[in-house]
Amino acid sequence: MHHFRYVGQNLRCESVDLAEVARLYGTPTYVYSAATMADNYTRLARAVGGLDAQICFAMKANSSLAVLRHFARLGAAFDLVSGGEIRRVLAAGADVRRSVFAGVGKTEAEMRLALEQGIFAFHVESEPELARLNHVAGQLGVKAPVAIRVNPDVDAHTHAKITTGKSDNKFGVPLAQAAAAYAAAAKHPHLAVKGVQIHIGSQLTSAAPFVEAVTKVVPFVAQLKADYGISYFSIGGGIGIVYQDALASGQPAWWDAQPADRRPLTPEAYGAALVPLLQPLGLKILLEPGRFLVGNAGVLLTRVEHLKRGAGKNFLIVDAAMNDLIRPAMYDSHHEIVPLHRDTTRRALTADVVGPICESGDCFAHDRLLQEVGEGEYLALMSAGAYGSAMAGRYNTRALPAEVLVHGGAFELIHARESFEQMIANEKIPAFLQ
């Protein structure tokens, strides 16, 4: 699943000792494995090899320029949701012309930018958006390629905040209204109907919701092909990853009390379930994975500040915080937490792992069973490559974390830790306060 493992007593990413990274660049620092990203991409591409498939990395999961360049060199296009993401792909030296532009609130300026850069298609969320896009394309004297996002009303059985395919979600056009939306699109002189799109949610651990959604929408897609000559069907992303991988090999006996490893949906099972449903369409199939490609490819390194022993509760205070990794505070998400130096002779410690921010929600884990660790030692929060650095902020005037990319036995800083001067560079004190 990933290239993070203990070699002897030390946790490594590929062939790099992570403690060496922490000592050199400090903490909190994200570390990514290039090999894991490449393996994930290759496995998915092979799993859908029976299709004319195009993988568009959903870069909202991780928008670091080096990560984007890495996926571009592997052959990926991109799933974009803002003008800033379009500019990031360009800055990474990648091609926008094979990429798609999604999102429920595209501005006219963002539409104009995407058209000027030759976007492969817009994934349109509503009829008002069709009208706006037609207007912008008309101003530029071009036709905008479009696919309408269809909401199939399928329960992805995932977290409420990351489900997107139910009728009460804000995304897409209901399947019952989709035919009318396509008829409206076809009447706009500056739009070209190219495809159809669905996306039902994130962190799916079973193929069943994908199969249900595709089965439900395929007859409509076939009708669109007959009526409008569409060329592609985008089935979105959503393949889940392991968040409870304990790196258990060689752990002391007490490690068995950790939550059981929850095996994810594999790309092979995903492909085996969906390829037979999609092949008869004879269309290009777009996939838009994000978390699957990068989630297990990254960790967040953090330093132990001290252990605070309370009345019936221990608090392990670390230098990473919710501004660095907000998923546990926002989604109650589980991230495995492991020491960079493993010592099986140490006692077990049960503690809340918390950051220094003045919020009770600044907590990475409650009552987590760990190896006893002390001030100055390092921990890794596993499976942090997706929605980690991309969602980081500056709350409590804390600098954005550093990022490092590992390739074999080499590692390089790809995003330097933000300085205080950089944090306040765009602020000013008005004249009346001088």
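What follows draws every value from the coordinates through simple rules; no lab data is involved. Note that the coordinates shown come from a computational prediction; the quantities given were computed from them, not determined experimentally. Backbone-built Cβ (ideal geometry, glycine too); neighbour counts: all protein chains shown.
Odds and ends about this structure:
- Inter-label distance for Ala311 and Ser15, nm, one decimal - labels placed 7 Å from Cα along Cα-to-Cβ: 5.5
- Here the chain carries DSSP beta bridges of which approximately 50% are antiparallel, counting only pairs with both residues inside.
- When only Cα pairs below 8 angstrom with a gap of at least 6 residues are kept, the chain shows a relative contact order of 20 percent.
- Scanning the chain for long hydrophobic helices, with DSSP H runs required to stretch 18 angstrom or more by C-alpha along their axis and to average at least 0.5 on the Kyte-Doolittle scale, returns 175-187, 208-228.
- Region 34-290: antiparallel DSSP beta bridges as a percent of all, rounded to 5: 5
- Ranked Ile198, Ile285, criterion: other C-beta atoms within 10 Å, fewest first: Ile285, Ile198
- Using equal-weight Cα scatterers in the Debye expression, the normalised intensity of region 296-423 in log10 at q = 0.17 Å⁻¹ is -0.92.
- Evaluated over the chain, the count of Lys pairs having alpha-carbon atoms less than 16 Å apart is 11 (only pairs 8 or more residues apart or interchain).
- Pairwise centroid distance, computed over Cα atoms, of region 279-340 with region 378-434, Å: 16
- Cα gyration tensor category, rounded, prolate or oblate, for the chain with a/c compared to 1.5: prolate
- In this simple spin-label model, placing a label point 7 Å from the Cα along the Cα-to-Cβ direction at both Arg347 and Tyr331 gives a separation of 3.6 nm.
- Subtracting the Cα-Cα distance of Arg132 and Arg112 from 0.36 nm times their residue separation leaves 6.1 nm of extension gain.
- Ordering Thr302, Thr397, Thr42, Thr27 by the number of other Cβ atoms within 10 Å of each residue's own Cβ, fewest first, gives Thr397, Thr42, Thr27, Thr302.
- Prolate/oblate/rounded call for region 167-227, Cα gyration tensor, a/c under 1.5 rounded: prolate
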